[in-house]
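Chemist: The structure's right below; bear with me while I get my questions together.
Please treat every number below as a calculation from the coordinates, not as lab data. Everything numeric in this text was worked out from a predicted model, so none of it was measured. When we count neighbours, we look across all protein chains shown, and the Cβ atoms used for this are built from the backbone with ideal geometry, even at glycine.
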Amino acid sequence: MSVQHPGRGPARQRILLVGMMGAGKSQVARLVARRLGWSRADTDEMVEAEAGMSVAEMFASVGEAEFRVAESRAIAALRETTGPLVVSLGGGSVLSSANRELIRSLGAVAWLRAKPLTLARRVGQGKGRPLLATADDRPAVALERIAAERQNLYAEVADVVIDVDGLSPGRVASRLLAELGELADLADVKGAGR
C-alpha cells in the first residue's frame, strides 16, 4: 500500500497514529504493520530506549518538559527511517507546533478518537500513566479534561479519523486501512488530473 497525500508532495509509505492514551494506538499499529508487512515504531518505546527508563520514571525523575524534548527528538528521528513504517505516537506528541508540522510531513496521519468514558475504562486507575498519576482528578475526569485540550490538535494533523469506541483493535485496523485506501485513491484521482 502506498499512501499519498493530496497536496502534500510525493507518496509516503508511513502511517502515523495519534490519539489519547487508551485509544489503542500501539496495539493497532502492531496489527496494521503485520497486515501490511511493514516495520513498526513507537515513540514512547524510542524515548524509553534512549533514556534507559520508562516514561513514568522519566516523568518522575526529570519531569514532563524533559520528556517532551526527548519525544520531539524521537519524532524527528523518524525522518531518517527508510522503508514502509507504521508509527504509534505518544498522546502528547501533538502539543508542540513544531511536532505537529513534522508529523504532518512524515506520512498519512490517523487520529484514533475515543470518548473519555472508553479511555477511562481502558486505562483504569492510570497505572503507568504519569499524567493520570499526578492529576488531582479521578482518572476519568482527568482524561476528559486532557482530551478536550488536545482534540483540536489531533484534528489539525489528522488525514483520517477513526472512532474506536466499541471496536476491537482488529476492527479498528481494518477500518483504518480502508480509510487510508480511500485517501490514496483520492490522491491518485487528483494527481491524474494534473
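Chemist: Between ALA178 and GLU101, how high is the FRET efficiency from 1/(1 + (r/R0)^6) when r is the Cβ-Cβ distance and R₀ = 35 Å? Nearest 0.05.
Modeler: On the way: r = 27 Å, r/R0 = 0.78.
Using R0 = 35 Å, I get an efficiency of 0.80.
Chemist: Could you give the nm distance between label points at ARG122 and ARG30, where each point is 7 Å from its Cα heading toward the beta carbon?
Modeler: Spacing of the two 7 Å Cα→Cβ label points: 1.4 nm.
Chemist: Rounded to the nearest 20 debye, what is the charge dipole size of the stretch 14-164 about its Cα centre when +1 sits on each Lys and Arg Cβ and -1 on each Asp and Glu Cβ? Provide the component values of the computation, followed by the final result.
Modeler: Values: 20 positive and 18 negative charges, 129 e Å.
Rounded to the nearest 20 debye, it is 620 debye.
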